[in-house]
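Single-structure report; data block below.
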Amino acid sequence: MTTPKISVVVNFFNMRREAQRTLYSLTGDYQRDIDSDQVEVIAVDNGSTEPLDEKQVWRFGNDFRYLYHDTKSKSPAGALNRAVEQASADLLVCLIDGARILSPGILAYTLKAARAFENPFVYTLAMHIGLAIQNTSMAEGYDQRVEDVLLETTAWKENGYELFRISSVAPSSGSGFFFDLAESNCVALRKSTFLQLGGFDERFQSPGGGLLNLDFFNRAMERPDIKPVMLLGEATFHQFHGGVATNVLISEHPWQRFAEEYEAIKGRRYEKMVRPTHFLGHIPPQCRHLLGRP
């Protein structure tokens, strides 16, 4: 059996509905310019009370594996670290939130970044499905049912870039591709680098991980030997699923509790680490509006 070039680790918690779309977006039928035998996908289930069906994961391809992480923790840190231990490839793609559909060029451009840089840290823009961020649209009735109808209006399975037309930039991604991100749901780096960084910090135990993902992003950015690479024209698209931070009203957002946990663990207040960034990718017509272009 050929060793894959990329191992994708994607975390799920009670996401049977969302997982079907996310996993499809990792198949060879959807991702462009990359062969399916170059990729393995590890779907890790973080102690779900309604776990994924292992056979449903397998049906996406022989390169898909299912791992149930038996835990009571609501943080994905341990699940992600255990899944990475099983990864076969030198290059890792980590998705902390399995509710997010990938755009179709992420894996191919991640491989290009790994060829261009000895030690890259690759990341993508985050979008919310819907014409407004979900923290706002949910107050006007946006939910899974509305989202299902919206997704049916576009041929995203044939061309995932169409998702840009029905989505909004997530608050964590600011004004778009050239914003200094504090985190990304989809990051890629060499497995050896991941291990040198110590993986995801399992001291973060807030539901959803709190600032776990922001901490990992910062620690990668702090390493001078790591080259940050932002993928232009690519993104992940968040499906509505009752997320602890993405699907609550802004007035009820748990940021303060998350920040307090961060300070207790790290001994300092959270501050975003900013580095000069390399850009790699293309601009599909569906996302030109994010650059102020018609």
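Only the coordinates and a few stated rules stand behind these numbers; no lab work does. Since the model is a prediction, treat every value here as computed from it, not as a measurement. Cβ coordinates were reconstructed from backbone atoms using ideal geometry, including for glycine residues, and neighbour counts include every protein chain displayed.
Under the combined filter of DSSP loop state and at most 13 neighbouring Cβ atoms within 10 Å, region 51-124 retains these GluC sites (Glu not before Pro): GLU118.
With springs only between Cα atoms under 10 Å apart, run a GNM on the chain and tell me which of ARG257, ARG190, ARG17 wobbles the most. Taking springs between Cα atoms under 10 Å, the residue moving most is ARG257.
A Cβ-based charge dipole, computed about the Cα centre of the chain with Lys and Arg at +1 and Asp and Glu at -1, lands at about 520 debye.
Please work out whether region 126-274 counts as rounded, prolate or oblate from its C-alpha gyration tensor, where a ≥ b ≥ c are the square roots of the eigenvalues and a/c under 1.5 means rounded, while otherwise a/b larger than b/c means prolate and anything else oblate? Here region 126-274 falls in the oblate category. Residues LEU131, LEU111 in ascending order of nearby Cβ atoms (within 10 Å, fewest first): LEU131, LEU111. By the count of neighbouring beta-carbon atoms within 10 Å, fewest first, ILE96, ILE250, ILE101 end up ordered ILE250, ILE96, ILE101. A straight Cα-to-Cα reach below 14 Å connects LYS55 with the aspartates and glutamates ASP45, ASP63, residues fewer than 8 places away in its own chain not being considered. In the chain, helices alone account for a calculated mean residue ellipticity at 222 nm of -7000 deg cm²/dmol, with every DSSP H run of four or more residues adding -39,500 (n - 2.57). Can you give the log10 of the normalised intensity I(q)/I(0) at q = 0.14, 0.17, 0.23 Å⁻¹, computed with Debye over equal Cα scatterers of region 183-245? Result of the Debye calculation: -0.49, -0.71, -1.13.
Against the set (i) 32, 22, 17; (ii) 23, 23, 21; (iii) 29, 25, 16, the structure's computed semi-axes √(5λ) of the Cα gyration tensor in Å falls on (ii).
Distance from the Cα centroid of region 8-24 to that of region 106-128 is 21 Å (rounded to whole angstrom). Structure note, pairs LYS191/LYS227; LYS191/LYS266; LYS112/LYS191; LYS5/LYS227; LYS227/LYS272: Cα-Cα distances above 22 angstrom occur for LYS191/LYS266.
Label-to-label distance, ARG275 versus LYS72, with points set 7 angstrom from Cα along the beta-carbon direction: 3.8 nm. Taking 7 Å steps out from each Cα toward its Cβ at VAL248 and PHE178 produces label points 3.5 nm apart. Computed 3J(HN,Hα) for region 143-159, one whole-Hz value per residue from the Karplus formula 6.51 cos²θ - 1.76 cosθ + 1.60 where θ = phi - 60°, is 8, 4, 5, 4, 5, 4, 5, 4, 5, 5, 7, 10, 8, 5, 5, 7, 8, glycine and proline marked x. Once both labels are positioned 7 Å from their Cα atoms along Cα-to-Cβ, the gap between ARG17 and ARG257 label points is 2.3 nm. Take the alpha carbon gyration tensor of region 83-126, find the square roots of its eigenvalues, order them as a ≥ b ≥ c, and report rounded if a/c is under 1.5; if not, report prolate when a/b exceeds b/c, else oblate. Taking the square roots of the gyration eigenvalues as a ≥ b ≥ c, region 83-126 is oblate. Distance from the C-alpha centroid of region 32-88 to that of region 207-244: 18 Å, rounded to the whole angstrom.
Around the amide H of CYS186, modelled in the peptide plane, lie the amide H atoms of THR124, all under 5 Å away and 5 or more residues distant in sequence or on another chain.
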